[in-house]
1. Quick check on this structure: which one of Val368, Val342, Val323 is part of a strand (DSSP E or B) and within 27 Å of Thr293 (Cβ to Cβ)?
2. For Leu291, work out the one condition from (1) of a type in the set (A, V, I, L, M, F, W, C); (2) in contact with a helix residue (DSSP H, G or I) (Cβ under 9 Å, 6 or more places away or on another chain); (3) closer than 30 Å to Gly365 by Cα; (4) not in a loop (DSSP other than H, G, I, E, B) it doesn't fulfil.
3. Got at least one residue in region 116-132 being in the same structural domain as Ser48 (by TED's automatic domain parsing), assigned to a helix (DSSP H, G or I) and without any contact (Cβ under 8 Å) to a residue 60 or more places away in the chain?
4. Show the residue pairs meeting these rules: Cβ distance below 7 Å; 6+ apart or different chains; first residue within region 67-84 and under 20 Å from Gly128 (Cα atoms) and in the same structural domain as Pro107 (by TED's automatic domain parsing); second residue surrounded by 14 or more Cβ atoms within 10 Å (Cβ to Cβ) and acidic (Asp, Glu).
5. Modelled with pLDDT of 90 or more and closer than 16 Å to Gly414 by Cα: which single residue out of Leu456, Leu463, Leu439 fits that description?
Amino acid sequence: MNRSTTAVFALVLAGILYLSINVFSSNTLRSIHLDLTEEGLYTLSPGSKRILTEIPEPIHLRFYFSEKLSNQLPNIKSYGLRVRELLEQYVNLSQGKIRLEIIDPEPFTEDEDEAVRLGLQAVPLGTGDSLYFGLIATNTIDDRQTVPFFSREKEAFLEYDLTRMLFNLSDPKKPIVGLISGLQMNADASPMLRFSGGPQPWAIIGAIRDAFDLRTLDPQQGVIPKDVDVLMIAHPLGLNEAALYAIDQFVLGGGRVLVFVDPFSEATAHTRKQQGQRALELASSNLEKLLNTWGVSVPTDHVIGDFEAAQQVNAGEGGRTRVVRYLVWLQMGPGSLNAEDVVTANLGPMILANAGSIKVLPKSGVTVSPLISTSTQAMRMETNLVRFGPDPSRLLGLFKADGIRHILAARLSGNVKSAFPDGPPQSPDKAAGKALPHLKESGNPISVIVLADSDLLHDQFWLRRQNLMGQDIIVPISANADFVINALDNLSGSSDLIGLRSRGKSTRPFDVVETMRRTAEQKFLSEERKLKESLEKSKSRIAELESRAPAGGGNLLTAEQQAEIQSVRAQVLQTRKQLRDVQHNLNRDIDNLESRLKFANVGLMPLAVAVIAAILALFRLRRRRRAGAARS
């Protein structure tokens with residue numbers, strides 16, 4: 001066999017080997033992958049793996065994806081591959097309990113008819129075709145869970161959504177959450193009213209119902225139903241003694257409670273504004289009779305301002321608009337959340353508004369574990385400062401940090417006594433026709449989570465609604481709903497789903513930039529305050545000097561006084577110029593740092609690659625020249 005024949009034969013063998021390896025790897029190595037992301041975003045979490053190992057019956061997944069049509073939309077095509085690979089991971093780890101069927105519903109086929117019948121969302125394309133990208137999951141008793149359309153905007157929630165579907169199909173019985181609320185959450189809005197444009201429930205209601213059996217309660221008769229697993233109390237208003245007693249006995253009997261009280265609820269003030277002064281009264285809620293027995297107090301006379309966590313808003317001043325920090329609208333990042341508690345560990349940023357503080361009462365015997373706390377750049381501010389409308393600039397002018405980390409949310413545990421030591425205020429169980437035994441103290445440590453804010457439940461503070469190709473989707477902007485579901489999950493005894501909700505959602509802010517920004521703003525506020533004080537003194541001095549002139553005319557001011565007025569006016573102009581300079585230079589250092597970061601990321605790396613390539617090219621050229629010189 002000559003050399004050319006051997007070369008051709010080797011190439012043919014190499015081609016066959018290449019194809020064989022690709023076929024073998026696509027069939028046997030599909031489940032093997034290397035996840036190099038810092039948080040392991042492409043690796044199933046331990047919670048998902050535990051749920052998969054505990055699936056009691058087979059589950060059938062039908063993944064509808066218009067793969068051919070997706071060639072027109074590279075973004076959807078790549079996300080479709082991401083979803084498919086994740087589903088295949090579920091199949092590989094389920095020990096044969098999950099069966100995956102991948103369907104490409106081509107136009108005018110039975111597969112497309114079936115997709116429509118099952119409620120999948122069809123996204124029309126410009127060509128007249130419709131693209132499908134959804135999932136149907138069923139168990140052996142035909143319980144069904146559906147993802148109408150996988151939106152890329154919700155990629156951070158992909159694993160949680162899929163695992164929750166499997167969890168719900170594996171354990172169809174959802175824990176029962178009893179809701180007592182003074183908020184107009186429209187939790188009981190009928191489907192007919194919702195579809196006809198009637199009052200819509202808050203989105204948090206739908207999020208809770210996805211994972212729990214939510215029931216609205218009326219505790220005024222003095223009893224909480226026995227089948228309630230967790231009691232959720234949101235902004236309690238007008239609870240009579242019988243209702244307070246019912247909650248008291250529920251907790252003493254081992255019931256778990258999630259409480260949201262609020263010194264000032266913006267949501268209530270806005271939704272009830274037609275009630276005038278009554279709306280302002282309803283904006284404050286407390287549960288002090290019970291909370292004091294449980295070892296804490298949440299006063300309504302103040303809200304918490306936190307310079308470090310304050311959100312930036314547009315504020316008008318002197319006919320101009322500028323961006324300032326609104327001290328009572330807080331974005332609580334990882335540094336404010338308890339990383340040791342399962343409810344807040346790895347949770348994304350939360351947004352709170354006009355939150356109060358939780359005070360620990362002495363000698364209560366109750367363990368109070370903070371879940372959410374402020375920074376040390378915080379202070380208590382009178383509730384009346386926000387009761388009649390937002391005024392960010394005024395709050396900034398009054399701000400002076402007290403150096404204390406205020407508790408905004410906490411877990412309470414320990415043995416407690418009844419808030420009704422003398423027994424029930426009235427017959428506690430009229431409906432049942434018999435009195436329940438009065439509990440004077442808890443038999444076991446109580447399990448209560450308290451949060452000094454209820455606005456975090458409102459849509460405004462945790463989501464944005466977007467229209468994607470005709471489909472209305474909810475895109476969370478904070479982890480408020482995650483906190484609520486985590487807390488309910490934890491109180492109801494389920495924890496596997498908790499670790500999934502925040503995977504891939506953690507923002508990666510430029511910490512150095514943010515620190516510089518806060519420092520610059522604090523310096524700006526300090527200098528601005530001094531300049532404004534100087535400006536007011538100068539104006540007052542001018543007014544004082546001018547007031548000495550008679551009203552009828554004539555100028556009786558001395559030459560010295562007139563010269564002083566001119567000097568003070570020049571000082572006013574100079575102060576105003578300094579004030580403008582301070583405002584103009586506020587973000588100069590920050591902008592310079594951001595420019596350097598952009599250059600490093602956008603320009604420096606390609607430049608470095610080009611330099612390295614040039615060096616290698618020169619090195620190779622020199623080697624060739626040396627080799628040529630050696631041969632000659």
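1. Details: Val342 fails: part of a strand (DSSP E or B); Val323 fails: within 27 Å of Thr293 (Cβ to Cβ).
Residue meeting the stated conditions: Val368.
2. Checking Leu291 against (1) of a type in the set (A, V, I, L, M, F, W, C); (2) in contact with a helix residue (DSSP H, G or I) (Cβ under 9 Å, 6 or more places away or on another chain); (3) closer than 30 Å to Gly365 by Cα; (4) not in a loop (DSSP other than H, G, I, E, B), the one that fails is (2).
3. Yes - at least one qualifying residue is present in region 116-132.
4. Glu67/Asp104; Lys68/Asp104; Leu69/Asp129
5. Values: Leu456 fails: closer than 16 Å to Gly414 by Cα; Leu463 fails: closer than 16 Å to Gly414 by Cα.
Exactly one residue qualifies, and that residue is Leu439.
One line per residue, one yes/no per condition, for (1) of a type in the set (D, E, K, R); (2) in the same structural domain as His270 (by TED's automatic domain parsing); (3) under 28 Å from the mean Cα position of the chain (by Cα):
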position	(1), (2), (3)
Gly356	no, yes, yes
Gly365	no, yes, no
Gln377	no, yes, yes
Met381	no, yes, yes
Leu385	no, yes, yes
Asp391	yes, yes, yes
Pro425	no, yes, no
Leu456	no, yes, yes
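The rows are residues; the columns are (1) outside any loop (DSSP other than H, G, I, E, B); (2) more than 21 Å from Asn186 (Cβ to Cβ); (3) among the β-branched types (Val, Ile, Thr).
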site	(1), (2), (3)
Pro236	no, no, no
Gln249	yes, yes, no
His270	yes, no, no
Glu281	yes, yes, no
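Conditions tested, residue by residue: (1) at pLDDT 80 or above; (2) among the hydrophobic types (A, V, I, L, M, F, W, C); (3) in contact with a Cys (Cβ under 9 Å, 6 or more places away or on another chain).
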{"residue": "Ser265", "(1), (2), (3)": "yes, no, no"}
{"residue": "Thr268", "(1), (2), (3)": "yes, no, no"}
{"residue": "Gly276", "(1), (2), (3)": "no, no, no"}
{"residue": "Ala279", "(1), (2), (3)": "no, yes, no"}
{"residue": "Ser284", "(1), (2), (3)": "yes, no, no"}
{"residue": "Leu287", "(1), (2), (3)": "yes, yes, no"}
{"residue": "Thr293", "(1), (2), (3)": "yes, no, no"}
{"residue": "Ile304", "(1), (2), (3)": "yes, yes, no"}
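The values are calculated or read from the model by the stated rules, or taken from the named source; none is laboratory data. Computed from a prediction, not measured in an experiment: that's the story for all the values here. We place every Cβ from the backbone using ideal geometry, glycine too, and count neighbours over all the protein chains shown.
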